[in-house]
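Notes to accompany the following structure.
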Amino acid sequence: MKYILLITIFLSMQGCTIKEAPMKVYTLNIHTDIKAYSYKYKDKIIKVSYPQSLKEKIGQNMQFSYNDVEQGNYQNAQWSNTLGQLLQGIFIQTLQQSGLFEGVTSYNSIAQEDYRLESTVFDFSHRVRGSTSDAIVSVQFSLIDTNSGKMVKNKLFSYVVPTVSTDSKGYADATNVALAKLSKDLIAWLAM
């Protein structure tokens with residue numbers, strides 16, 4: 001009788017497992033076809049360096065904050081790849097579509113480049129304040145002449161885009177809007 005009671009309890013507990021919400025995975029994807037009408041770099045190759053971060057690790061976590069001091073990561077949502085790889089892909093795609101350079105390579109290419117585009121991520125997060133929220137994107141770019149080793153120019157691009165909702169989907173959608181703006185501004189800046 002004792003064994004039957006233990007088996008009954010064990011089998012009834014099998015149906016009481018805690019179910020977690022499924023993981024939502026978001027990606028960075030811009031839908032812009034940016035063309036540059038400048039011939040400044042038409043015969044030059046540019047290498048896009050892997051983005052660096054001064055504040056936080058740029059992994060797959062989607063970060064949010066409810067105030068200026070504390071921050072957290074979404075538990076059931078993440079980026080589809082590390083943020084550095086996603087951003088590098090966006091920057092390469094933007095430069096290739098623009099036609100500004102003869103060729104665009106990634107940082108691990110062995111091809112010799114004329115210029116290198118370095119980027120530093122200052123902020124890439126979801127700022128939630130009550131019922132309103134914003135996607136924050138702040139990236140500094142430096143264009144380096146690899147023949148001389150000198151910086152040609154650098155610029156900080158910062159965007160605050162309101163989200164439609166205060167959840168991870170609203171954040172991902174607004175981030176893609178910010179990156180579309182950044183891509184257009186990056187090409188315009190490089191073409192000057």
Thr94, sole failed condition from (1) surrounded by fewer than 21 Cβ atoms within 10 Å (Cβ to Cβ); (2) assigned to a helix (DSSP H, G or I); (3) of a type in the set (Ser, Thr, Tyr): (1)
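Just to be sure, is Ala77 touching a Ser or Thr at 6+ places or on another chain (Cβ under 9 Å), in a loop (DSSP other than H, G, I, E, B) and aliphatic (A, V, I, L, M)?
Values: touching a Ser or Thr at 6+ places or on another chain (Cβ under 9 Å): yes; in a loop (DSSP other than H, G, I, E, B): no; aliphatic (A, V, I, L, M): yes.
Here the answer is no, as Ala77 does not meet what is asked.
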It is to be established whether one or more residues within region 152-168 are out of contact with any Cys (no Cβ under 9 Å at 6 or more places or on another chain), in a helix (DSSP H, G or I) and either surrounded by 15 or more Cβ atoms within 10 Å (Cβ to Cβ) or at pLDDT 95 or above (or both). yes
Can you name every residue in region 137-171 that is in contact (Cβ under 8 Å) with a residue 60 or more places away in the chain and over 23 Å from the mean Cα position of the chain (by Cα)? Thr146
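If we keep just the residues of region 169-192 that are more than 29 Å from Ile45 (Cβ to Cβ) and not charged (D, E, K, R), which is surrounded by the most Cβ atoms within 10 Å (Cβ to Cβ)?
Going residue by residue through region 169-192, those that are more than 29 Å from Ile45 (Cβ to Cβ) are 169-175, 177.
Restricting the remaining residues to those that are not charged (D, E, K, R) gives 170-172, 174-175, 177.
Values: Gly170: 18, Tyr171: 28, Ala172: 22, Ala174: 23, Thr175: 23, Val177: 16.
This residue is Tyr171.
Give region 26-54 a look and list any residue that's in a loop (DSSP other than H, G, I, E, B), of a type in the set (D, E, K, R) and within 22 Å of Asn108 (Cβ to Cβ), or say none.
Filtering region 26-54 for residues in a loop (DSSP other than H, G, I, E, B) gives 27-44, 49-51, 54.
Narrowing the set further to residues that are of a type in the set (D, E, K, R) leaves 33, 35, 40, 42-44.
Answer for region 26-54, where residues must be in a loop (DSSP other than H, G, I, E, B), of a type in the set (D, E, K, R) and within 22 Å of Asn108 (Cβ to Cβ): just Lys44.
Are there any strands (runs of 3 or more DSSP E) wholly within region 101-146 with 3 or more residues that are in contact with a Phe, Trp or Tyr (Cβ under 7 Å, 6 or more places away or on another chain) and either at pLDDT below 95 or not small (Gly, Ala, Ser) (or both), and if so which?
On the way: elements: 103-106, 115-129, 132-145.
By residue number, 115-129, 132-145.
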Residues of region 2-36 being aromatic (Phe, Trp, Tyr) and modelled with pLDDT of 80 or more, in sequence order, are Tyr26
Does region 37-51 hold any residues that are modelled with pLDDT of 80 or more, surrounded by 13 or more Cβ atoms within 10 Å (Cβ to Cβ) and not aromatic (Phe, Trp, Tyr), and which are they? Lys44, Ile45, Ile46, Lys47, Val48, Ser49, Pro51
Verdict on Phe91 being within 12 Å of the chain's Cα centre (by Cα) and either closer than 23 Å to Ala36 by Cα or aromatic (Phe, Trp, Tyr) (or both): yes
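The values are calculated or read from the model by the stated rules, or taken from the named source; none is laboratory data. Fair warning: this is a prediction, and the values are worked out from it, not measured in the lab. Because the Cβ atoms are built from the backbone with ideal geometry, glycine has one as well, and the counts that use them run over all protein chains shown.
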